[in-house]
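FYI, it's all coordinate maths here, none of it is from the lab. Bear in mind that the values here come from a model prediction, so they are computed numbers and not experimental data. Cβ sites come from the backbone with ideal geometry, for glycine too, and all protein chains shown count toward neighbours.
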Amino acid sequence: MQSTAAGPGLHRTLYRRFGEDAQLADRLGYAAVWIGEHRVWYDGWCPAPLHALAYVAGLTERIHLGTAMYLVPQHDAAGAARTLAQLDEISGGRLELGAGLGYRDPEFDALGLRRDRRGKLMDANLDAIEAAWAGADGEQPPTKRPAPLIWMGGMAPQAIARAARRGYGLLLPQTLSLDEVRRIVESYREQGGAAPIGMLREIWVGEGGERHARRVSLHLTEEAGSWWAMKDSFGFAAPEQIAKQVARGVSGIATGGADAVAERL
């Protein structure tokens, strides 16, 4: 669903291809299809993931529909709650909400929001979503009982505590080492977290693993250079930091035959 400055695509074509991919995944028995959210930048992420998932809901029968991530602080809480509940309704209870804070300054600037208040916005919006899903103010609760699973994105202590406190699952980034994952899981469980834990992973089954790794390396270099390493200056001015982050991401790729990938996971 990305239409980048380097590789632009027609939106109707991107939607059609996403729908075809989702139908194939549905037929093959995959558990879920996920889509991310970003806006106002040249890397061209889909700025409206719920529209794309609603389209896919009408093309599929059983596959779950997830956001990784839906940037909760960047949305009107009441409108988001209604839209999410409607998506869950039309899909027959297949929604899984991955909730993220968002980290890109231009996104918050474009929406007239303060990035330094994103934590407070997150909690306020999640409160409103939970209340609407419980039927507050005459809202129609979601189809699924209990309400759709919410996955809290991130690895910061605040994200772990928020997930445990609210009974959400955790959805972790792909750059973590095994020891880091163990520490996060232990912290989550110690704080009473009992929901599922998931993790993003780059996977390539079959031949072509080295080519895929190169593509991932290029993508992570762009992402780390334009965002992750960007503090008070342009991120590409910190090549050593970028190289370390890219190496972490590439080291976590699982490639090879099905058995080898399964063992790695």
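Key figures
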{"read-out": "Within a Gaussian network of the chain (alpha carbon springs, distance under 10 Å), most fluctuating of 153, 102, 58", "value": "58"}
{"read-out": "Peptides 249-256, 202-209, 177-184, 90-97 ordered by average Cβ neighbours within 10 Å, highest first", "value": "90-97, 249-256, 202-209, 177-184"}
{"read-out": "Dimensions (Å) - the chain, Cα atoms, principal axes, largest first", "value": "53, 44, 41"}
{"read-out": "Amide H contacts under 5 Å for residue 202, placed H, 5+ residues apart", "value": "254"}
{"read-out": "The chain - charge dipole about Cα centre, Lys and Arg +1 at Cβ, Asp and Glu -1, debye rounded to 20", "value": "60"}
{"read-out": "Using distinct alpha-carbon pairs, which all enter the 1/r mean, Kirkwood radius of the range 8-90 in Å", "value": "13.5"}
{"read-out": "Cα gyration tensor category, rounded, prolate or oblate, for the range 64-186 with a/c compared to 1.5", "value": "oblate"}
{"read-out": "For the range 163-265: rounded, prolate or oblate by the Cα gyration tensor [a/c cutoff 1.5]", "value": "oblate"}
